[in-house]
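Worksheet: the structure to be examined is printed underneath.
Nothing in this text is a laboratory measurement; each read-out follows from the coordinates by a stated rule. The shown structure was predicted, so the numbers you read here are calculated from the model rather than taken from an experiment. Note that we place each Cβ from the backbone using ideal geometry, even for glycine, and neighbour counts take in every protein chain shown.
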Amino acid sequence: MSHRIEDIGQLPTSYRRNQLLLSGVSHADARQPGKSPSFSVNWIVGNADLEVINATTGKRTCGSPSRLCKHMFFTRWAKLHGKLSTRIPSHGDMPSVYSEAKLVAQTYQSVKQQLFKAFQKAGLGTWVKKPPEQDQFLLTV
């Protein structure tokens, strides 16, 4: 996406368009999806642990959820939200359903719509949406 969307417009201060240091796809035929590996690897700066993920299930090779799954992100967000709520009384109640938490994030929703418009403006079509049920899970800690 980095090389495809040059003109996304002015973003809020908490958002930015990163220019990757990787080369973009130079030719449409270069991608061969049938030869994708069955795993992926992620890492975090400052943490020596690599996480190997089964590309079919999205889970770690040992079967537990990835640190990059929606539930783990939601759990970390909820902890941060709890800390902010004690310092900012008007911060509001924390949604217990993932989809509701995303809808409450007004700046995120605005930037997401801006990205979708940039896709259409660049002739890249519309964003493919996943079933809404996928984001309708409760926070369980």
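What is the distance, in nm, between label points placed 7 Å from the Cα along the Cα-to-Cβ direction at Phe39 and at Lys129?
Distance between label points: 3.7 nm.
Convex hull over the Cα atoms of the stretch 32-72, averaged projected area in nm²? Working shown, then result.
On the way: hull surface 14.6 nm².
It is 3.6 nm².
Which of the pairs Lys70/Lys129; Lys70/Lys112; Lys83/Lys129; Lys35/Lys121; Lys102/Lys130 have their Cα atoms more than 24 Å apart in this structure? Numbers along the way, then the final one.
Details: Lys70/Lys129 16 Å; Lys70/Lys112 17 Å; Lys83/Lys129 32 Å; Lys35/Lys121 31 Å; Lys102/Lys130 14 Å.
From Lys70/Lys129; Lys70/Lys112; Lys83/Lys129; Lys35/Lys121; Lys102/Lys130, over 24 Å: Lys83/Lys129; Lys35/Lys121.
For the pair Asn54 and Tyr108, how long in nm is the line joining their label points, each one 7 Å along Cα→Cβ?
Going from the Asn54 label point to the Tyr108 one covers 2.8 nm.
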